[in-house]
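Peer 1: This is the structure I want to talk about, given as structure tokens.
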Amino acid sequence: VPALDGLLPHGGLPRGRVTEWVATRSGGSATLLRALVRETLGRDGAGAAVGLVDAGRTLAADDWVEAAQEPGLTVVRPHTPDDGPWCAEILLRTGAFALVVLDGVAVSAPMAPRLAHRVREAGCAFLVIRPDVGPFRPNGHSGAALRVALRPAAATPDNLRRITATLVKGGPHAEVELRCVPAPSHRLCAHPLVPDRRGGARRGRSW
């Protein structure tokens with residue numbers, strides 16, 4: 001997305017540093033993430049590997065069918081959102097990915113230095129996408145060098161998805177409007193693990 005690259009100080013996501021997207025509901029983070037992953041994987045087969053941790057278990061699989069056909073995409077869905085940062089650390093330790101994404105959860109204060117250290121060692125781009133819940137705290141705990149706030153822009157008659165991106169940390173405060181031509185990605189409602197439909201896990205069942 002050229003407009004987003006122009007907003008960031010280094011013309012894109014920096015390697016060896018943590019970048020954070022803070023998105024409001026329907027803020028466009030899933031749509032931008034899909035575009036970023038497809039660009040990293042590359043359509044000519046010469047792209048780099050991407051590790052995606054869907055900590056919130058909210059990404060709709062149908063939107064990722066085309067990207068999944070490219071080699072190099074690894075998707076991890078942890079049992080709980082709290083396991084997301086740990087899964088991201090495992091991916092970073094392999095050193096096999098040019099981009100690692102932790103989607104759907106904030107990084108806790110104890111975990112932030114460990115992840116930042118792993119990112120520097122791996123020399124890859126690391127993106128944390130967290131929902132904007134409650135008052136926005138500029139200093140957060142993610143240890144992000146760059147922070148971008150995403151929110152939906154006003155509707156227009158051209159039927160294009162418009163997203164407002166604001167750089168709030170890591171450079172001069174700036175704002176840009178992004179126009180997303182591809183169909184927007186969808187998110188599912190946050191949900192727990194699939195229940196045991198056989199009923200064996202129900203409490204009080206007698207045999």
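Peer 1: Could you tell me whether Arg34 is open to solvent by 10 Å² or more (accessible area, probe 1.4 Å), assigned to a loop (DSSP other than H, G, I, E, B), under 17 Å from Ile129 (Cα atoms) and charged (D, E, K, R)?
Peer 2: Working: open to solvent by 10 Å² or more (accessible area, probe 1.4 Å): yes; assigned to a loop (DSSP other than H, G, I, E, B): no; under 17 Å from Ile129 (Cα atoms): yes; charged (D, E, K, R): yes.
No; evaluated as a whole, the condition is false for this residue.
Peer 1: From the list Val18, Val75, pick out the single residue that is in contact with a Phe, Trp or Tyr (Cβ under 8 Å, 6 or more places away or on another chain) and more than 30 Å from His173 (Cβ to Cβ).
Peer 2: Values: Val18 fails: more than 30 Å from His173 (Cβ to Cβ).
Answer to the selection: Val75.
Peer 1: Can you say whether Asp82 is outside any strand (DSSP E or B), out of contact with any Lys or Arg (no Cβ under 6 Å at 6 or more places or on another chain) and free of Cβ contacts under 8 Å to residues at least 40 places away in the same chain, as far as the supplied structure shows?
Peer 2: Criteria met by Asp82.
Peer 1: Now, a different point. Can you tell me which residue is surrounded by the most Cβ atoms within 10 Å (Cβ to Cβ) among those in the range 51-62 that are in a loop (DSSP other than H, G, I, E, B) and touching a strand residue (DSSP E or B) at 6+ places or on another chain (Cβ under 8 Å)?
Peer 2: For the range 51-62, the residue satisfying everything is Ala55.
Peer 1: Pull up the range 142-179, narrow it to residues that are open to solvent by 40 Å² or more (accessible area, probe 1.4 Å) and under 16 Å from the mean Cα position of the chain (by Cα), then point me to the one that is modelled with the highest pLDDT.
Peer 2: It comes out as Arg151.
Peer 1: While we're looking at this one, here's another question. Out of the residues in the range 1-30 that are out of contact with any helix residue (DSSP H, G or I) (no Cβ under 7 Å at 6 or more places or on another chain) and among the basic types (Lys, Arg), which is nearest to Arg93 (Cα to Cα)?
Peer 2: The selected residue is Arg15.
Peer 1: Please specify each residue of the range 21-62 satisfying the condition of being modelled with pLDDT of 85 or more and in contact with a Cys (Cβ under 8 Å, 6 or more places away or on another chain).
Peer 2: Those that are modelled with pLDDT of 85 or more and in contact with a Cys (Cβ under 8 Å, 6 or more places away or on another chain): Thr31, Leu32, Ala35, Val53, Ala55, Thr58.
Peer 1: Answer yes if at least one residue in the range 63-79 is modelled with pLDDT of 90 or more, over 16 Å from Val107 (Cα atoms) and part of a helix (DSSP H, G or I), and no otherwise.
Peer 2: no
The values are calculated or read from the model by the stated rules, or taken from the named source; none is laboratory data. Everything numeric here is computed off the predicted structure, so don't read it as measured data. All Cβ positions, even for glycine, are placed from backbone atoms using ideal geometry, and neighbour counts span all protein chains on display. The accessibility values were calculated without ligands, DNA or RNA, using every heavy atom of the protein model including side chains. Shrake-Rupley method; radii C 1.70, N 1.55, O 1.52, S 1.80 Å.
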